[in-house]
Amino acid sequence: MNNRTRVLTGTALAVALGAGAFGAVSATAAPASAPAAVAKKSDDQTFTTSTHLTIGAATRAAQAALEAAQKENQKVTVAVVDRNGNTIVTLRGDGAGPQSYESAQRKAFTAVSWNAPTSVLVGRLAQAPNLKDIPGTLFLGGGAPVQKDGAPVAGIGVAGAPSGDLDEKYAKAGVDSLNN
């Protein structure tokens, strides 16, 4: 590579990096004269407030569910999702099967989406078999909603025990740990 090529390449690289840095700074910096956006309405119809589990609470609940399963020598995975179905924490117990990871998340999502234990939702499939086609759901026992004032704020899903009843028992142990 000759000197001219090196200089041109270096200059082009410096210009690109400088433009990228300038774009990043200008995209995040508001002009000094721009006022902050403030909502003017005061009638409580503009915003809503929602309740969410902290990462600490989600971790405690997952740990309580995992410990309940371990006391009975069950190898499970526990997932806790927020109100929107986003995973907060997943704990995969020693020896839990590879399928249990996704199943636990889907059970947690299903429980919070319908604000009901997944064992109850299994019965609804008889009246509406198409429910099982909703993406991300799993209508098997093992999911329990976490509620605050009757509204769903999270879901706990457990998978890996020999039955959905056992999975759900452990998920409820996680929910119960939040109420103590």
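Of the residues examined, VAL122 is one that is in contact with a helix residue (DSSP H, G or I) (Cβ under 9 Å, 6 or more places away or on another chain), surrounded by 15 or more Cβ atoms within 10 Å (Cβ to Cβ) and at pLDDT below 95.
Scan segment 72-99 for residues that are within 18 Å of GLY164 (Cα to Cα) and surrounded by 24 or more Cβ atoms within 10 Å (Cβ to Cβ) and the total you get is 5. Within segment 77-89, being free of Cβ contacts under 8 Å to residues at least 40 places away in the same chain and either over 16 Å from GLN63 (Cβ atoms) or in contact with a Gly (Cβ under 9 Å, 6 or more places away or on another chain) (or both) holds for ASN84, ASN86.
A single member of LEU178, LEU121, LEU125 is out of contact with any Lys or Arg (no Cβ under 8 Å at 6 or more places or on another chain) and aliphatic (A, V, I, L, M), and it is LEU121. Looking across segment 157-180 at every residue that is touching a strand residue (DSSP E or B) at 6+ places or on another chain (Cβ under 7 Å) and over 18 Å from PRO98 (Cα atoms), the one that is surrounded by the most Cβ atoms within 10 Å (Cβ to Cβ) is identified as ALA171.
The values are calculated or read from the model by the stated rules, or taken from the named source; none is laboratory data. Because the structure is predicted, anything quoted here is derived from the model rather than measured. Note: ideal-geometry Cβ built from the backbone for every residue, glycine included; neighbour counts use all protein chains shown.
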